[in-house]
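S.K.: There's a structure below that I have some questions on.
The values are calculated or read from the model by the stated rules, or taken from the named source; none is laboratory data. Just so we're clear, the structure is a prediction, and the values are computed from it rather than from any experiment. Neighbour counts are summed over all protein chains in view; Cβ atoms, including those assigned to glycine, are modelled from backbone coordinates with ideal geometry.
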Amino acid sequence: MIKEAKNKKGTTLIELLISIAVFAIAVGINANIFISTLKSQKRSVGVQNVTDNARYAMEVITRELRTMNVDLTLDNGYCTFASCMNVNGDYSTIYFVSGSENRNLNIIKVSLNNGVIMFDDEVLLTPDDDMPITDSSKVNVVDLNFKVDNVSTSTQPRITIKMQVEPKNEPGNILNMQTTISPREINL
């Protein structure tokens, strides 16, 4: 009976330890790949949120600026595009008279406040009723700048909007956006 046990082949302790070590190394490599994939996905979601928010804000602002009234000056003490921004320059807040049908010549204000782009479409009726147009829980707007060019009675104004945004969960990963528009109202 003893001779039969010697002839049977089995797994030795060293073979078992080597197979466990190889398996542990394979699991460790796969775990690192999985963790880096999760981090990459989180970063991608953050960048997508930033892009979505920045595009939406840019679209809201450009849509209103395209339909603004260039010549309308209101004597009410508020700064409108025609009465105050009649010089070329850079502005962090812009006021203008809306030309869209649903706003009925309201004064619009777009500004940056604590990392959020604020939009007020009834400055005269509700002066402190700004609405956020970016999601402050996902996006931090680092900079918002309006550059106004070609403002005169013989040329159409041109407004360049520059925006810098970053994800809340990953500060320092800044996305720069810029667009230049002119109002649709021809004033030559």
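S.K.: List every residue pair whose Cβ atoms sit under 7 Å apart, with the two residues 6 or more apart in sequence or on different chains, where the first one lies in the range 80-106 and is under 15 Å from Pro157 (Cα atoms) and at pLDDT below 70 and the second, anywhere, is among the charged types (D, E, K, R) and not in a loop (DSSP other than H, G, I, E, B).
M.R.: From the range 80-106, the pairs are Asn88/Asp149; Asp90/Lys147.
S.K.: Quick one: in the range 1-38, of everything that is among the charged types (D, E, K, R) and surrounded by fewer than 10 Cβ atoms within 10 Å (Cβ to Cβ), which residue is modelled with the lowest pLDDT?
M.R.: Pass one, the range 1-38, residues among the charged types (D, E, K, R): 3-4, 6, 8-9, 15.
Of the ones still in play, those that are also surrounded by fewer than 10 Cβ atoms within 10 Å (Cβ to Cβ) are 3-4, 6, 8-9.
Values: Lys3: 58, Glu4: 61, Lys6: 62, Lys8: 66, Lys9: 74.
Here the residue is Lys3.
S.K.: Then there is this: If I go through the range 171-184 residue by residue, how many of them are part of a loop (DSSP other than H, G, I, E, B) and either surrounded by 15 or more Cβ atoms within 10 Å (Cβ to Cβ) or under 11 Å from the mean Cα position of the chain (by Cα) (or both)?
M.R.: Start the filter on the range 171-184 by keeping residues that are part of a loop (DSSP other than H, G, I, E, B), which leaves 171-174, 182-184.
Narrowing the set further to residues that are either surrounded by 15 or more Cβ atoms within 10 Å (Cβ to Cβ) or under 11 Å from the mean Cα position of the chain (by Cα) (or both) leaves 174, 182-183.
Within the range 171-184, residues that are part of a loop (DSSP other than H, G, I, E, B) and either surrounded by 15 or more Cβ atoms within 10 Å (Cβ to Cβ) or under 11 Å from the mean Cα position of the chain (by Cα) (or both) number 3.
S.K.: Return yes or no: is Asn140 loosely packed, with under 13 Cβ neighbours inside 10 Å, at pLDDT 85 or above and within 10 Å of the chain's Cα centre (by Cα)?
M.R.: Details: loosely packed, with under 13 Cβ neighbours inside 10 Å: no; at pLDDT 85 or above: yes; within 10 Å of the chain's Cα centre (by Cα): yes.
Considered against the rule, which asks whether it is loosely packed, with under 13 Cβ neighbours inside 10 Å, at pLDDT 85 or above and within 10 Å of the chain's Cα centre (by Cα), Asn140 comes out as no.
S.K.: Let me ask something else. Just checking, does the range 110-129 include any residue being in contact (Cβ under 8 Å) with a residue 40 or more places away in the chain, outside any strand (DSSP E or B) and touching a Gly at 6+ places or on another chain (Cβ under 9 Å)?
M.R.: Looking for residues that are in contact (Cβ under 8 Å) with a residue 40 or more places away in the chain, outside any strand (DSSP E or B) and touching a Gly at 6+ places or on another chain (Cβ under 9 Å), one finds none in the range 110-129, hence no.
S.K.: Find the residue count for the range 55-77, including only residues that are at pLDDT 90 or above and more than 18 Å from Thr93 (Cβ to Cβ).
M.R.: 3
S.K.: Now, a different point. Scan the range 148-167 for residues that are of a type in the set (D, E, K, R), at pLDDT 85 or above and surrounded by fewer than 16 Cβ atoms within 10 Å (Cβ to Cβ) and jot them down.
M.R.: Of the residues in the range 148-167, the ones of a type in the set (D, E, K, R) are 149, 158, 162, 166.
With the extra rule that they be at pLDDT 85 or above, the set shrinks to 162, 166.
If the condition is that a residue be of a type in the set (D, E, K, R), at pLDDT 85 or above and surrounded by fewer than 16 Cβ atoms within 10 Å (Cβ to Cβ), then Lys162 is the only one that fits.
S.K.: Residue under question is Asp135, and the condition is that it be assigned to a loop (DSSP other than H, G, I, E, B), at pLDDT 80 or above and under 22 Å from Asp52 (Cβ atoms); does it hold? Outline the logic, then answer.
M.R.: Working: assigned to a loop (DSSP other than H, G, I, E, B): yes; at pLDDT 80 or above: yes; under 22 Å from Asp52 (Cβ atoms): yes.
Judged against the criteria, Asp135 is a match.
S.K.: Pairs under 8 Å by beta carbon, first residue of a type in the set (Ser, Thr, Tyr) in the range 46-67, partner buried (at least 19 other Cβ atoms within 10 Å of the Cβ), six or more apart or different chains?
M.R.: Pairs that qualify, where the first residue is of a type in the set (Ser, Thr, Tyr) and the partner is buried (at least 19 other Cβ atoms within 10 Å of the Cβ), are Tyr56/Thr134; Thr62/Ile161; Thr67/Ser98; Thr67/Gly99; Thr67/Pro183.
S.K.: Something else: Among the residues of the range 52-67, count how many are more than 13 Å from Asp135 (Cα to Cα), in a helix (DSSP H, G or I) and touching a Lys or Arg at 6+ places or on another chain (Cβ under 7 Å).
M.R.: Applying the first criterion (more than 13 Å from Asp135 (Cα to Cα)) to the range 52-67 yields 58-67.
Still in the list and also in a helix (DSSP H, G or I): 58-66.
The next check asks that each one be touching a Lys or Arg at 6+ places or on another chain (Cβ under 7 Å); those that pass are 66.
Final tally of qualifying residues: 1.
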